[in-house]
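As structure tokens, the structure follows; a few thoughts come after it.
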Amino acid sequence: QVQLVESGGGLVRAGGSLRLSCVASGSMPSFNAMGWYRQAPGKQRELVAAITSDGSTNYEDSVKGRFTISRDTARNSAYLQMNSLKPEDTAVYYCNARRTVSMPTGLRNYDYWGQGTQVTVSS
């Protein structure tokens, strides 16, 4: 059983910084990608940033230039450095780890989720 544990959330003023950490434990497959999602009240969960096993990254447009995702493959960990935070970044942030398996019918994704960590940015 895979467990993802996030930490690093909290309350910060606009313009401030936070660093989120996600550590995977348990019976560990090799993850093809790890990422961070967020969900604000009344909104759908959205992808914030993702990083593949070869280091390729992808960011949601509103966080480009402010957030940086990194990964320690050996430790099955992922990090999200968030700078220049804005009130609209307020949300619960979830760590995701994805394993992609080739099946006879095509590729299948297995997703694992953390419990979420609250990030609140005050104006």
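Set side by side, the residues Ala50, Ala33 differ, and just one is touching a residue at least 12 places away in the same chain (Cβ under 8 Å), under 11 Å from Asn96 (Cα atoms) and in contact with a Gly (Cβ under 6 Å, 6 or more places away or on another chain), which is Ala50.
Out of the residues in the stretch 28-46 that are in a loop (DSSP other than H, G, I, E, B) and within 20 Å of Gln118 (Cβ to Cβ), state the one that is most open to solvent (accessible area, probe 1.4 Å). Residue satisfying both the conditions and the ranking: Gln44. Residues that are over 19 Å from Asp111 (Cα atoms) and surrounded by fewer than 18 Cβ atoms within 10 Å (Cβ to Cβ) within the stretch 10-27 comprise Gly10, Leu11, Val12, Arg13, Ala14, Gly15, Gly16, Ser17, Arg19, listed in sequence order.
Do you know which residues across the stretch 104-123 are buried (at least 19 other Cβ atoms within 10 Å of the Cβ) and farther than 28 Å from Gly15 by Cα?
Within the stretch 104-123, Tyr112 is the sole residue that qualifies.
Once the stretch 72-103 is narrowed to residues that are at pLDDT 95 or above, open to solvent by 20 Å² or more (accessible area, probe 1.4 Å) and not hydroxyl-bearing (Ser, Thr, Tyr), the residue that is farthest from Gly15 (Cα to Cα) is Val92. Pairs meeting the criteria (first residue in the stretch 99-117 and free of Cβ contacts under 8 Å to residues at least 12 places away in the same chain, second residue open to solvent by 90 Å² or more (accessible area, probe 1.4 Å), beta carbons under 7 Å, at least 6 apart or on different chains) are Val101/Arg108.
Is it true that Gly55 is closer than 22 Å to Ser123 by Cα and either in contact (Cβ under 8 Å) with a residue 12 or more places away in the chain or among the charged types (D, E, K, R) (or both)? Criteria not met by Gly55.
The values are calculated or read from the model by the stated rules, or taken from the named source; none is laboratory data. Every value quoted in this text rests on a predicted model; they were computed, and no experiment measured them. We place every Cβ from the backbone using ideal geometry, glycine too, and count neighbours over all the protein chains shown. Ligands, DNA and RNA are stripped out before the accessible areas are found, and what is left, the full protein with its side chains, is counted by its heavy atoms. Shrake-Rupley method; radii C 1.70, N 1.55, O 1.52, S 1.80 Å.
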